[in-house]
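One structure below.
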Amino acid sequence: MKKGKIVLGALLWIFLIALASTSNAMISVKYEDFTLTSSGGETHQLSQYQGQSSVLLVFFATWCPPCIREVPDLIKLQDKYGDKGLKILAVDIDEPRNLVEGFIKNKGINYTVLLDQGARVAEIYDVRAIPMNILIDKKGEVKYVGHALPKNIEDVL
């Protein structure tokens, strides 16, 4: 039964990624909850933001050129929408804390970076290529999945 749920979940995410990759269309499914530690040592549970903030999950790695190119845009999104109800949670996939901390400092990152040691959360979300961006509204519904940043952020604030 568990294997069937995992396969079904993976197929759903593949479908959503394909749908979101072909357009910037709004979609609506529930997110999978998780708890990770930030680079600063604080614990963050995705569900703690439900009802309070929309969340942009960004799966990335410091060695990924498209992820690096996305950082300035994420900084701008944080500056523009951080006070308007957007929480950016960048999920670094399976890299050492000291490497990620150096990357944050070097790039001037002003949003929360979480450490996904063992790539457990990336596996839950079936991340196959990065960057992977997932926009979740305040109700906890996934509204966008894609490799580009969503263009509809204002629609979910």
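Points to keep in mind about this one:
- Between Asp79, Asp92, the distinction of being outside any helix (DSSP H, G or I) and at pLDDT 95 or above belongs to Asp92 only.
- Residues in the stretch 101-123 that are closer than 20 Å to Leu46 by Cα and in a helix (DSSP H, G or I): 7 in all.
- Residue tally, condition within 19 Å of Asn106 (Cβ to Cβ) and not hydrophobic (A, V, I, L, M, F, W, C), over the stretch 59-93: 11
- Residue list for the stretch 124-157, filter: part of a loop (DSSP other than H, G, I, E, B), surrounded by fewer than 19 Cβ atoms within 10 Å (Cβ to Cβ) and among the charged types (D, E, K, R): Asp126, Arg128, Lys138, Lys139, Lys151
- Exactly one residue out of Ser21, Ser53 is polar (S, T, N, Q) and at pLDDT 50 or above, and it is Ser53.
The values are calculated or read from the model by the stated rules, or taken from the named source; none is laboratory data. All values reported here derive from a predicted model rather than from experimental measurement. Don't worry about glycine lacking a Cβ; one is built from the backbone with ideal geometry, like all the others, and counts go over all protein chains shown.
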